[in-house]
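Worksheet: the structure to be examined is printed underneath.
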């Protein structure tokens, strides 16, 4: 997607982050679709807030202090993982409500 040599040279440092980012993001986005279909915007909002406060913010602050981009990728993975957990615990309540 780029022809900038500076970006291409740095690619091998971050390529392993592709797998956890894709895994956690895909799980979170599947549940986004589930709750969007149910028109449960409040659950989605709460999932984003919980994921941000518990998953992303603490590690991103540490990443900023240590100037470490790998910690920033870890913060994004934690954000998506916590967001997935926050959403998946709500699924049983939606199944009970629909039956």
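May I ask you to verify whether residue 12 is farther than 30 Å from residue 97 by Cβ, touching a residue at least 24 places away in the same chain (Cβ under 8 Å) and exposed (fewer than 14 other Cβ atoms within 10 Å of the Cβ)? Outline the logic, then answer.
On the way: farther than 30 Å from residue 97 by Cβ: yes; touching a residue at least 24 places away in the same chain (Cβ under 8 Å): no; exposed (fewer than 14 other Cβ atoms within 10 Å of the Cβ): yes.
No; evaluated as a whole, the condition is false for this residue.
What's the number of the only condition in (1) under 20 Å from residue 17 (Cα atoms); (2) modelled with pLDDT under 95 that residue 75 fails to meet?
(2)
Would you mind finding the one in 23, 81, 75 that is out of contact with any strand residue (DSSP E or B) (no Cβ under 8 Å at 6 or more places or on another chain) and more than 30 Å from residue 95 (Cα to Cα)? Show your work before the answer.
On the way: 23 fails: more than 30 Å from residue 95 (Cα to Cα); 81 fails: more than 30 Å from residue 95 (Cα to Cα).
Of the residues listed, the single one that is out of contact with any strand residue (DSSP E or B) (no Cβ under 8 Å at 6 or more places or on another chain) and more than 30 Å from residue 95 (Cα to Cα) is 75.
For the stretch 15-32, how many residues meet the condition of being more than 20 Å from residue 42 (Cβ to Cβ) and in contact (Cβ under 8 Å) with a residue 40 or more places away in the chain? Write out each step before concluding.
Quick first cut of the stretch 15-32, residues more than 20 Å from residue 42 (Cβ to Cβ) only: 15-27.
Cutting the leftovers down to in contact (Cβ under 8 Å) with a residue 40 or more places away in the chain gives us 17, 20-21, 24-25, 27.
Adding up the residues that qualify gives 6.
Restricting attention to the stretch 51-68, does a residue exist that is out of contact with any strand residue (DSSP E or B) (no Cβ under 7 Å at 6 or more places or on another chain) and touching a residue at least 40 places away in the same chain (Cβ under 8 Å)?
There is no residue in the stretch 51-68 that is out of contact with any strand residue (DSSP E or B) (no Cβ under 7 Å at 6 or more places or on another chain) and touching a residue at least 40 places away in the same chain (Cβ under 8 Å).
What number of residues in the stretch 35-56 are within 13 Å of the chain's Cα centre (by Cα) and either within 17 Å of residue 25 (Cβ to Cβ) or surrounded by 14 or more Cβ atoms within 10 Å (Cβ to Cβ) (or both)? Lay out the reasoning, then the answer.
So in the stretch 35-56, the residues within 13 Å of the chain's Cα centre (by Cα) come out as 44, 47-56.
Still in the list and also either within 17 Å of residue 25 (Cβ to Cβ) or surrounded by 14 or more Cβ atoms within 10 Å (Cβ to Cβ) (or both): 44, 47-48, 50-52, 54-56.
Total meeting the criteria: 9.
Looking at the stretch 78-99, which of the residues that are over 16 Å from residue 20 (Cβ atoms) and surrounded by 12 or more Cβ atoms within 10 Å (Cβ to Cβ) is farthest from the chain's Cα centre (by Cα)? Break it down stepwise before answering.
The first filter runs over the stretch 78-99 and keeps only residues over 16 Å from residue 20 (Cβ atoms), leaving 86-99.
Now drop any that are not surrounded by 12 or more Cβ atoms within 10 Å (Cβ to Cβ), which leaves 86-88, 90-91, 94.
Details: 86: 11, 87: 12, 88: 13, 90: 17, 91: 18, 94: 22 Å.
Per the criteria, the residue is 94.
Going through the stretch 72-97 one residue at a time, which ones are farther than 30 Å from residue 13 by Cα and free of Cβ contacts under 8 Å to residues at least 12 places away in the same chain? Full working, then the answer.
Quick first cut of the stretch 72-97, residues farther than 30 Å from residue 13 by Cα only: 86-97.
Passing the criteria: 89, 92, 93, 95, 96, 97.
The values are calculated or read from the model by the stated rules, or taken from the named source; none is laboratory data. Fair warning: this is a prediction, and the values are worked out from it, not measured in the lab. No Cβ is skipped: glycine too gets one built from the backbone with ideal geometry, and neighbour counts run over all protein chains shown.
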